[in-house]
Amino acid sequence: MNHNQVILVLFLCLSISTMVTGQTITSKVVDKKTNKPIPYATIQLSEEQGVITNEEGRFSLNLNGDLAKIDSIYISSMGYEKVGVSVKNVTDSIIYIQPKAIELKGVFISNKNLTVDEIIDNVKERVAQNYNFGLSKRRLFFRESEFNTVKKFDVKFKKSTIKELNKKLIDSVTGVLPKKAEYYTEILCDLYGDFDKRKLHIIKAAELYDKNNRVSMEAVAERMEAIFKKNVKPNSYLKIKSGLFGTKVQVDSLIESREEASIVKDEIDNQKKKDDKSEFLKHRKSGLESLMSSLFFNKDVMSNFLNKSGRYNFELIDYTYIDDNSVYIINFSPKWRGDFKGTLYVNTEDFAIIRADYENVKNLKSFKLLGVMFRDNLYRNKVIFSKGQNNTYDLKYLEMRRGNLFGFDRSLKVIEKNKFVKGRRKQNELSLALDVIMTNTSKFEIVVFDSKQLSEADYKASTENKGIKPQYLSRYNPEFWKGYNIIEPNSAIKQFTVAPDTDTEAGQK
């Protein structure tokens, strides 16, 4: 956005609609002049509570329970005047915002004539006092969207001495491999702790994906296991070779007696049931910990434009307002060994970065050797903070996209050997040539609705519900989160659905 020393002052056409009955408000914030949605606008309920519009400018609010007493909401976004709207006046489905430009120089008052390097130095010096590093209880919504795509999967069958491991089987395996897969996880939760220790209590959770993909691959795995049990000799091992490298794998357990295998399977299944009770919580907690630890003001983070600022060029390009705060708009780009470019929005009074948008400009990791290729090629992040208790800033919204590419173009041999059989050790061989390229992209969204200080005693008294399990959904269900405040799903999630034969599994896990 080119401000040219100008701030956009907006007025609001008071119009929000009740898209569902009761106290749920669903709406879209749109620029009246361009008719484009305004993403990441803040819809504030109180000093410490609020939601945020999604990337399509949409939001929904549930005003039941304690929130039923709220008679007004406040809408603000970067470069816009904060506007209060009476809940009683909601009439339409869209909030139109019309820009009105005035000269910023006439209203921006500052006795600091600082260079951009001095501003960044102040930002670094005030990190400890600007951001909330203490114990807190945060009510938040966390959504993870994962997309896997097989760009290329060519298998050339060369040789097999096991009759059932033939070209027809290999072709059937490649045929059931899903070329595209989507997976969405959503949780509403309370996160207790600080940046060193955390507890997670999940209130409600959902998983949205196609079970057919998993079932197909499980069927292939079972078939391959049956073939090995039938053909591989006792005390054999597999030599897996790809190019110059080889790996030895014991396969004795595959051909144990049915009775022994059954006992082992029962033990594994029983342990798996115990582990599954805490597995979902563990993965969600780990994901939140990783995202919180990645915030730019922490030490040794990949997004090092602040703690290794010497690697970057900074340019003060303009001023604007976020809520009632005047901010510097600072662009940064790599100088040497820097990996990111982006824009920082720095409060002119306390030098806190209250918004940062940045992305990588080159591969963060890249590896290619002997037919194996890997690229860590996508890191795009948007973080927004708001001032809360003790005049410190807390995370209000995070959106991160991460992506990588993996390729494999080499021959593959699986050789059965057995040193207890008379004659040659080599018993069987499967030889293939693989040419595979796959991509993985993940999108993470966190919106913090409420943040409160927490004493050490309260933290110790907080509990985790390790037995929590998500509800499986085979299609997007707008009723699932009814009565709860979340960040609105985008169109891709709303349109997601799977084949009818898995619909009956909705609600089962």
Flagged in the stretch 345-372 as more than 21 Å from the chain's Cα centre (by Cα), assigned to a strand (DSSP E or B) and touching a residue at least 60 places away in the same chain (Cβ under 8 Å), in numbering order, are 345, 346, 353
So residue 159 fits all but one of (1) surrounded by 14 or more Cβ atoms within 10 Å (Cβ to Cβ); (2) in contact with a Ser or Thr (Cβ under 6 Å, 6 or more places away or on another chain); what number is the exception?
(1)
Identify, please: which residue in the stretch 319-343 is more than 23 Å from residue 40 (Cα to Cα) and in contact with a helix residue (DSSP H, G or I) (Cβ under 7 Å, 6 or more places away or on another chain) and is, among those, surrounded by the most Cβ atoms within 10 Å (Cβ to Cβ)?
338
Quick one: in the stretch 483-497, of everything that is touching a residue at least 40 places away in the same chain (Cβ under 8 Å), in a loop (DSSP other than H, G, I, E, B) and surrounded by fewer than 16 Cβ atoms within 10 Å (Cβ to Cβ), which residue is farthest from the chain's Cα centre (by Cα)?
483
Can you spot a residue in the stretch 27-44 that is open to solvent by less than 60 Å² (accessible area, probe 1.4 Å) and at pLDDT below 75?
no
Given the options 338, 310, name the one that is touching a Phe, Trp or Tyr at 6+ places or on another chain (Cβ under 9 Å), without any contact (Cβ under 8 Å) to a residue 40 or more places away in the chain and closer than 20 Å to residue 366 by Cβ.
338
State whether the residues of the stretch 224-235 include one that is under 36 Å from the mean Cα position of the chain (by Cα) and either open to solvent by 70 Å² or more (accessible area, probe 1.4 Å) or at pLDDT 65 or above (or both).
yes
From the set of residues in the stretch 446-482 that are part of a strand (DSSP E or B) and among the aliphatic types (A, V, I, L, M), which is nearest to residue 185 (Cα to Cα)?
473
Kindly evaluate residue 380 against the criterion of being in a strand (DSSP E or B) and within 30 Å of residue 137 (Cα to Cα).
yes
Quick one: in the stretch 54-64, of everything that is closer than 18 Å to residue 86 by Cα and open to solvent by less than 60 Å² (accessible area, probe 1.4 Å), which residue is modelled with the highest pLDDT?
59
Condition first: modelled with pLDDT of 85 or more, among the β-branched types (Val, Ile, Thr) and open to solvent by 10 Å² or more (accessible area, probe 1.4 Å). Now tell me which residues in the stretch 193-223 satisfy that.
203
Can you tell me how many residues within the stretch 442-471 are aliphatic (A, V, I, L, M) and either free of Cβ contacts under 8 Å to residues at least 24 places away in the same chain or farther than 17 Å from residue 132 by Cβ (or both)?
3
Would you mind finding the one in 281, 316, 238 that is at pLDDT 65 or above and part of a helix (DSSP H, G or I)?
281
Residues in the stretch 344-352: is at least one surrounded by fewer than 16 Cβ atoms within 10 Å (Cβ to Cβ) and closer than 30 Å to residue 49 by Cβ?
yes
If only one of 144, 164 is under 25 Å from residue 494 (Cβ atoms) and not small (Gly, Ala, Ser), which one is it?
144
Lone unmet requirement of (1) assigned to a loop (DSSP other than H, G, I, E, B); (2) modelled with pLDDT of 95 or more for residue 303
(2)
Checked 376, 409 against criteria (open to solvent by less than 70 Å² (accessible area, probe 1.4 Å), over 30 Å from residue 454 (Cα atoms), in contact with a Leu (Cβ under 8 Å, 6 or more places away or on another chain) and not aliphatic (A, V, I, L, M)); the one match is 376
Looking at the stretch 175-192, is at least one residue part of a helix (DSSP H, G or I) and modelled with pLDDT of 55 or more?
yes
Residues 120, 170: which one is buried (at least 18 other Cβ atoms within 10 Å of the Cβ), in contact (Cβ under 8 Å) with a residue 12 or more places away in the chain and of a type in the set (A, V, I, L, M)?
120
Filter the stretch 383-395 for residues that are open to solvent by 30 Å² or more (accessible area, probe 1.4 Å) and part of a strand (DSSP E or B) and give the result.
386, 387
From the list 281, 306, 295, exactly one residue is more than 27 Å from residue 464 (Cβ to Cβ) and open to solvent by less than 50 Å² (accessible area, probe 1.4 Å). Which is it?
306
Of the residues in the stretch 453-473, those that are in contact with a helix residue (DSSP H, G or I) (Cβ under 7 Å, 6 or more places away or on another chain) and either over 17 Å from residue 204 (Cα atoms) or open to solvent by 40 Å² or more (accessible area, probe 1.4 Å) (or both) come to 453, 464, 466, 467, 469
So, in the stretch 415-438, of the ones that are among the β-branched types (Val, Ile, Thr) and open to solvent by less than 30 Å² (accessible area, probe 1.4 Å), which residue ends up nearest to residue 322 (Cα to Cα)?
436
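The values are calculated or read from the model by the stated rules, or taken from the named source; none is laboratory data. Note that this is a predicted model, so its numbers are computed, not measured. Backbone-built Cβ (ideal geometry, glycine too); neighbour counts: all protein chains shown. SASA here: full protein model, heavy atoms, side chains in, ligands and nucleic acids out. Shrake-Rupley method; radii C 1.70, N 1.55, O 1.52, S 1.80 Å.
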